[in-house]
Amino acid sequence: MAKTQVSFNLNGQDVDVLVEARELLIHVLREQLQLTGSHIGCETSHCGACTVDVNGQSIKSCTMLAVQAQGATVMTVEGLAAGGELHPLQQAFMDEHGLQCGFCTPGMLMRGYRFLQENPNPSEEEIRSGMAGNLCRCTGYQNIIKSIQTAAAALNANTGSQAE
Amino acid sequence: MIPPSFEYHAPGSVADAIALLSQYGDAAKILAGGHSLLPMMKLRFAEPEHLVDINNIDSLKGIREEDGEIVIGSMTSESALITSTLLQEKCPMLPEAAKMIADPQVRNRGTIGGDISHGDPGNDHPALMLALDATFTLVGPNGARQIAAADFFLGTFFTALEADEILTEIRIAPQAANTGASYQKLKRKTGDYATAAAAAVITLSGDTCQSAAIALTNLGATAMRASAAEAVLVGQVIDEDLIKQAATKAMEICEPAEDLRGDAEYKTHMGGEMTRRAIRAAIKNAGGN
């Protein structure tokens, strides 16, 4: 099968890949670009472990073709930490024990990252519906909610100090 | 899971997309949001040789008002329905219902046109379109035609859309005065299809029901209007007893498929309950008691 060249921006860097039309974005991210942070869970767009950011929206990369990323801006969990420092969301998941086995965490972080930009001051109920596309089989979600709340406070404090 | 091989096309205009559909006929499928088609392809329930991706056609996206009608582009995402101030103001049932569809990530990709065109009785937009008396614009090689939602859903995965046509626009009248609408959906969990769901649109004149539209999701081979249930309400001052009678009429047309969500009896019963809740909420939203 003929391959198509696809160019997009991944975590701030321009990348070119040759893909078959039938290849899904998650497979190209993991197998060609060697970014194995995004996980393959259910492969049926239910679990959210493969969540990445495409053009400023959270999407499930198991249900998007890699060819559809042509010209897109893509961010994966590998793009969260900057300059050797954890992103406030990552720090919050550590501090609040927002993970146990960690399998769902990359998806939780990427959804949380976008969700807190859509809604910087969410109520607990809003967090629950905003994070409803991500499943966790360990934590019972309580600490994930707490992690998002802690991250929201940290991010808002940062924004506040920048504005001063 | 990886879909079978296919040739990928990403036309930039409706005309180019229709040319591709005309050329490849039944061997081609339209790719909208992909959240029904790609999973089906992974499971080999669908094996199109050509995939015509219409995500790059900007004219198919967006919500506007034109000649007193609300016009929704078929490639408008569920997320865009939810955040549309125009819909919140003039067709509030649609954004409220879209919140009950799938989850945030899926709603960013999933489109209203894909949900309608797929013909799945479990999808939510068909019943909403029936209750709202929507009109669809279908464009094919011989131009555009308009079709009422009531004439569009022909059977499970079977609609009036021809193989070389694309659903481009959905037209809905803005909600009339003294009107309330509600969509009530029972589902087991986030992202699930409805066990049963009902849409109701009710217009009051004083305390009297002037008109009523009721439609059901996942309770038969397609979404369907419950006309006999509507007839119970029109011209009456609606009370609990009439709501119960209307729900009984709605249950009489239910023929749900048995699956893990429940057997036919349970689903029919839930269809009645969703109908009752939708009627009550619609009356409340219309400003009645």
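Fully extending the segment from residue B:227 to residue B:192 would add 9.9 nm, taking 0.36 nm per residue of separation and subtracting the current Cα-Cα distance. Positive-end ranking of A:5, A:32, A:77 along the dipole of segment A:4-79, with charges on Cβ about the Cα centre, is headed by A:77.
Peptide B:36-46 is shielded by partner chain Cβ atoms: per residue, an average of 2 of them sit within 10 Å of its Cβ. With θ taken as phi - 60° and the Karplus curve 6.51 cos²θ - 1.76 cosθ + 1.60 applied, the whole-hertz 3J(HN,Hα) list for segment A:4-14 is 10, 7, 10, 10, 8, 9, 10, 6, x, 10, 6 Hz, x standing for glycine and proline. The DSSP beta bridges internal to the protein assembly as shown are antiparallel in roughly 85% of cases.
Amide H to amide H distances under 5 Å link residue B:209 with B:235, B:236, B:237, B:238, where only residues 5 or more positions off or on other chains count and H is placed in the peptide plane. Cross-link check: pairs B:29/B:187; B:99/B:284; B:185/B:267 evaluated at a Cα-Cα cut-off of 18 Å; pairs beyond the cut-off: B:29/B:187; B:99/B:284.
Once you have a ≥ b ≥ c as the square roots of the Cα gyration tensor eigenvalues for the protein assembly as shown, tell me rounded if a/c is under 1.5, and otherwise prolate or oblate according to whether a/b is larger than b/c. Oblate, since a/c reaches 1.5 and b/c is not below a/b.
For chain B, modelled as a GNM whose springs connect Cα atoms under 10 angstrom apart, the maximal fluctuation among B:41, B:270, B:251 occurs at B:41. When chain B is treated as a GNM, springs tying every alpha-carbon pair under 10 Å, which of B:96, B:255, B:66 comes out with the largest mean-square fluctuation? Result for chain B, Cα springs under 10 Å: B:66 fluctuates most.
Each reported figure results from applying straightforward, stated rules to the coordinates on display, with no laboratory input. As the structure is a computational prediction, the values presented were derived from the model and not from experiment. In this analysis, Cβ positions are derived from the backbone assuming ideal geometry, glycine residues included, and neighbour counts consider all displayed protein chains.
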